[in-house]
Amino acid sequence: MQLKEVVPLGRTLTEYTAMFSLNKADLNKNILDCGGGPSSFNYEMKMQNKEVITIDPLYQFSKEDIEKRIGETFDDVMAQAKSNKDDYIWKNIKNVEELAETRMTSMKLFLNDFETGRNEKHYINAALPYLPFKNEEFDLALSSHFLFLYSDMLSLDFHISAVDEMLRVAHEVRIFPLLDLNTDKSCHVEEIIKIFKEKEMQVSIETVDYEFQRGGNQLMRICKN
């Protein structure tokens, strides 16, 4: 992973709760966040005395390096969001100004917690499809804006391996959104449904109370029987 290629974006506990349809019981589960980046979900959960483990290759870098990269990319990302604002649904987030405030607040909370959290093993440098955990170590594994989103770059085999690995360490997997970068339904969605049903998993597509990418308001839930 080259830090110069990363565009860090943080998401909040409120967003995670809506994206993954997390209820009170879910939030009390043992959760693994796969690819959480500079999100404040982990920190905000810790402030509620709940424990989350977040993995991301971003965590190989120092706080200072991540903070510098955020500074290098943030204004450009917000400028792009403003110029393409008609491509988004301004429901959960009302406008570009609120988007900027939400993202930056989330990333600042993450940065303030990063060194402590990394020492406490709450932030771990790892990446799908290889997870450094025991079988069934978690109740719930989440993947936000990674699987399916990068379908042009990540093959069907990669997706199968990633989901298999998440199911090895967790009883249930939730993936959001089901769109690729062009805001089209990922070409891998139907194959993943078919393959994991054949593996005798429970697979469902559920509409959630969150939509930012136009049409991006569904998650995939995969559960062991």
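Each value in this text was obtained by applying a stated rule to the coordinates, not by laboratory testing. As the structure is a computational prediction, the values presented were derived from the model and not from experiment. Glycine gets a Cβ as well: all are built from the backbone with ideal geometry, and neighbour counts include every protein chain shown.
Estimated from the Cβ-Cβ distance and a Förster radius of 30 angstrom, the FRET efficiency linking Cys223 and Arg118 is about 0.45. Once both labels are positioned 7 Å from their Cα atoms along Cα-to-Cβ, the gap between Ser62 and Glu198 label points is 4.9 nm. Each stretch of four or more DSSP H residues adds -39500 (n - 2.57); spread over every residue of the chain, this sum gives -12000 deg cm²/dmol at 222 nm.
Under a model in which nothing but the beta-carbon of Lys, Arg (+1) and Asp, Glu (-1) is charged, the chain shows a dipole of about 360 debye around its Cα centre.
Remark: region 1-130 carries a charge dipole of roughly 320 debye about the Cα centre, counting +1 on each Lys and Arg Cβ and -1 on each Asp and Glu Cβ.
Pick out, from Asn23, Ser106, Asn95, the residue whose Cα sits farthest towards the positive end of the charge dipole of region 3-223, with +1 on the Cβ of Lys and Arg and -1 on the Cβ of Asp and Glu. About the Cα centre, the residue reaching furthest to the positive side is Asn23.
Using a ≥ b ≥ c from the Cα gyration tensor of region 1-142 (square roots of the eigenvalues), is it rounded, prolate or oblate, where a/c under 1.5 gives rounded and otherwise the larger of a/b and b/c decides, a/b for prolate? Since a/c reaches 1.5 but b/c is at least a/b, the shape of region 1-142 is classed as oblate.
Take each peptide in 166-174, 75-83, 126-134, 190-198, count the other Cβ atoms within 10 Å of every residue, and average; sorted highest first, the result is 166-174, 126-134, 190-198, 75-83.
Here r is the Cβ-Cβ distance between Glu206 and Asn23 and R0 is 22 Å; the resulting FRET efficiency, rounded to 0.05, is 0.95. Set the bar at 29 Å for Cα to Cα. Now go through Lys50/Lys82; Lys50/Lys134; Lys108/Lys134; Lys185/Lys224; Lys82/Lys121 and name every pair that lies beyond it. Too far apart for the 29 Å limit: Lys50/Lys82; Lys108/Lys134; Lys82/Lys121.
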